[in-house]
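S.K.: I am attaching a structure below and will ask some questions about it afterwards.
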Amino acid sequence: MNHTVHHTIIGDSLIRRLTPKEISCPNRVITIQSFPGKTLRFVRSELQKNHLSHLFFPVDIVTYILGTNDLFRTSPFTAFNQAKELIRITHNQYPGVQIQIFTVPAHLDTLISTNTNHLQKTNSEI
């Protein structure tokens, strides 16, 4: 018997055009939640208030994709600590969920290209 895997992907505007159909595969239900303009701090706060519970029932895997909002508003060390705190809170609230963190994706945005060193340092910290 095949088990259906429920996978939630959470990120900022970098994933707003990503659709479950583009990354679907057999026996996998994918939910994508984009928070344009928001940071890990926002996601953590919403998680603590149980405002994201609809994304976790049922769920087997949650993937957090760090975005440029974290890159430009915090230091690499702060982004790393916020990611750790998000993992801790997720694990405490949903102990059976597998947690994945993806570092800030590089893309051809003029804001990013001028901050390549900061992007690389942030990703190396995480």
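Coordinate-derived values only; no laboratory data. Here the structure is a predicted model, which means the values were calculated and not measured. Counting neighbours? That spans all protein chains shown, and the Cβs are built from the backbone with ideal geometry, glycine included.
S.K.: So what J values fall out for segment 50-67 if you push phi through Karplus, 6.51 cos²θ - 1.76 cosθ + 1.60 with θ = phi - 60°, rounded to Hz, Gly and Pro as x?
M.R.: 6, 7, 10, 4, 5, 7, 10, 10, x, 8, 9, 9, 10, 10, 9, 10, 5, x
S.K.: Turning to a different aspect of this structure: Could you give the length gained by full extension between Asn81 and Lys49, i.e. 0.36 nm per residue of separation minus their alpha carbon distance, to one decimal place?
M.R.: 9.5 nm
S.K.: Where in segment 41-72 does the amide nitrogen come within less than 14 Å of the point 7 Å from the Cα of Gln98, taken along Cα to Cβ?
M.R.: Only 59-64 pass the distance filter.
S.K.: Once amide H atoms are placed 1.01 Å from N in the peptide plane, what residues at a sequence separation of 5 or more from Phe102, or on another chain, have their amide H within under 5 Å of its amide H?
M.R.: Amide H neighbours of Phe102, under 5 Å, 5+ apart: Tyr64, Ile65, Leu66.
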